Amino acid sequence: MQSLVRAVSRIALVHRGVAPSVANVTMSLNQPNNSNQIRFRSNRSRRGLYDGKDIRSGNNVSHSERKTKRKFKPNVFRKRVYSETLDEMIRFNLTAAALRSIDKAGGLDNYLLKSKHVTEGQGLVAKNRILERMKELEENNTKDPIL
């Protein structure tokens with residue numbers, strides 16, 4: 001929609017006698033600074049732990065170099081992962097990359113607390129449960145000091 005508005009505005013400026021290069025500069029001055037744009041995430045990747053992976057598009061290239069459109073889908077499977085803080089298994093839709101990241105972080109709890117990719121969906125729900133449990137454990141430790 002914005003590109004259509006830009007094109008129509010550019011045509012209107014050119015129609016009024018403004019040079020095309022000046023029209024482009026005028027359009028760029030009117031646009032807000034979009035330096036902190038958020039990357040699009042599919043609904044599928046919002047639900048599970050995809051570690052930044054998502055559906056990509058590209059081409060199948062045959063021997064004759066004929067190109068046909070295709071999709072590259074992330075390697076996703078349903079898996080139960082153990083949370084030490086909650087002391088239970090939690091079921092997630094995970095990618096292979098997310099599993100490697102969980103191992104590298106030292107477990108599910110550390111991954112959920114430190115990863116920049118956990119912003120919504122199942123991951124955020126589990127992260128909030130872990131944070132609540134950690135607060136409960138901390139309160140219990142301050143109430144009952146060990147002598």
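Worth pointing out:
- Average projected area [Cα convex hull, the stretch 64-132], square nanometres: 6.2 nm²
- Reach of Lys135 by Cα under 22 Å, taken over lysines that are not fewer than 8 positions away in the same chain: Lys114, Lys116, Lys127, Lys143
- Length available on full extension from Arg129 to Asn59: 0.36 nm per residue minus the Cα-Cα distance, which gives 21.0 nm.
- Cα→Cβ-extended label distance, 7 Å offset, between Leu137 and Ala105, nm: 1.5 nm
- Rounded accessible area per residue of the stretch 101-145, 1.4 Å, Å²: 70 Å²
- Under 20 Å of direct C-alpha separation, and excluding same-chain neighbours fewer than eight residues apart, Lys71 reaches these lysines: Lys53.
The values are calculated or read from the model by the stated rules, or taken from the named source; none is laboratory data. In this text, all values refer to a predicted model and were calculated from it rather than measured experimentally. FYI the Cβ positions are ideal-geometry reconstructions off the backbone, even for glycines, and counts take in every protein chain you see. Note: areas computed on protein heavy atoms with side chains; ligands, DNA, RNA excluded. Shrake-Rupley method; radii C 1.70, N 1.55, O 1.52, S 1.80 Å.
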